[in-house]
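Reviewing the structure listed below.
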Amino acid sequence: MTFSVPLTVRSYELDALGHVNQAVYHQYAEHARSEFLLAAGLRPDKMLAARVGTVVLETTIKYRRELRGGDRITVSCGIVWGTGKTFRIQQEIVRTDGTLSAEIAVIGGLLDLDARRLLDDPAGRLRGLATEPGLLGG
């Protein structure tokens, strides 16, 4: 993984059983992806000016170990570029003791905001807009 964000599980994110609600894992992953894009220099205003936006097409989560209130975690992101219009983002949620809590696999694309169609070569286009293209991987 190329990038990670630290978080602490908050009490209002817990379900009736005292562990993190399954929908919150999606929020953790989305937060890390947003921070990842910001770190690469892909700010929302810059993306809008270029008339492009990243989109999530599919998300799969494998829950490995539960999280509880107060747990400190890191949420990581890494992009796997393909040759088509889509790319994969691999993410992990890991407690600071090293316990893997969840694995998240996202299929994403780069959307032309005017034509409402996925663009070819999302890697090249995003690297061209990024101020830190090296963060986006090879």
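Considering (1) open to solvent by 50 Å² or more (accessible area, probe 1.4 Å); (2) within 22 Å of GLY137 (Cα to Cα), the lone condition that GLU66 does not fulfil carries the number (2). Total residues in region 35-58 satisfying the condition of being open to solvent by less than 50 Å² (accessible area, probe 1.4 Å) and either more than 18 Å from the chain's Cα centre (by Cα) or without any contact (Cβ under 8 Å) to a residue 24 or more places away in the chain (or both): the figure is 2. Just one residue in the set ILE61, ILE73, ILE93 is more than 13 Å from the chain's Cα centre (by Cα) and assigned to a strand (DSSP E or B); that residue is ILE73. What residue, among those in region 1-34 that are more than 10 Å from the chain's Cα centre (by Cα) and of a type in the set (Gly, Ala, Ser), is nearest to ILE79 (Cα to Cα)? The residue in question is ALA23. Of the candidates LEU118, LEU129, LEU136, LEU111, the single residue that is under 15 Å from the mean Cα position of the chain (by Cα), crowded, with 16+ Cβ neighbours inside 10 Å and not small (Gly, Ala, Ser) is LEU136. Contact map, region 1-28: residues that are outside any helix (DSSP H, G or I) paired with residues that are among the hydroxyl-bearing types (Ser, Thr, Tyr) and surrounded by 14 or more Cβ atoms within 10 Å (Cβ to Cβ), Cβ distance under 6 Å, separation 6+ or inter-chain. Pairs shown: MET1/SER76; SER4/THR74; SER4/SER76; PRO6/THR74. For ALA102, the requirement of being out of contact with any strand residue (DSSP E or B) (no Cβ under 9 Å at 6 or more places or on another chain), under 30 Å from LEU118 (Cβ atoms), touching a residue at least 12 places away in the same chain (Cβ under 8 Å) and not charged (D, E, K, R) is not met. Annotation: ILE104 fulfils all but one of (1) part of a helix (DSSP H, G or I); (2) under 11 Å from the mean Cα position of the chain (by Cα); the unmet one is (1). Applying the set (1) open to solvent by 40 Å² or more (accessible area, probe 1.4 Å); (2) at pLDDT 95 or above to THR83 leaves exactly one unmet item: (2). Before we move on, is ARG127 part of a strand (DSSP E or B) and of a type in the set (D, E, K, R)? Against the criterion (part of a strand (DSSP E or B) and of a type in the set (D, E, K, R)), ARG127 does not qualify.
The values are calculated or read from the model by the stated rules, or taken from the named source; none is laboratory data. This one's a predicted model, so the numbers in the text were calculated from it and none came from an experiment. Every residue, glycine among them, receives a Cβ derived from its backbone with ideal geometry; neighbour counts consider all protein chains shown. Calculation scope for accessible area: heavy atoms of the full protein, side chains included, ligands and nucleic acids excluded. Shrake-Rupley method; radii C 1.70, N 1.55, O 1.52, S 1.80 Å.
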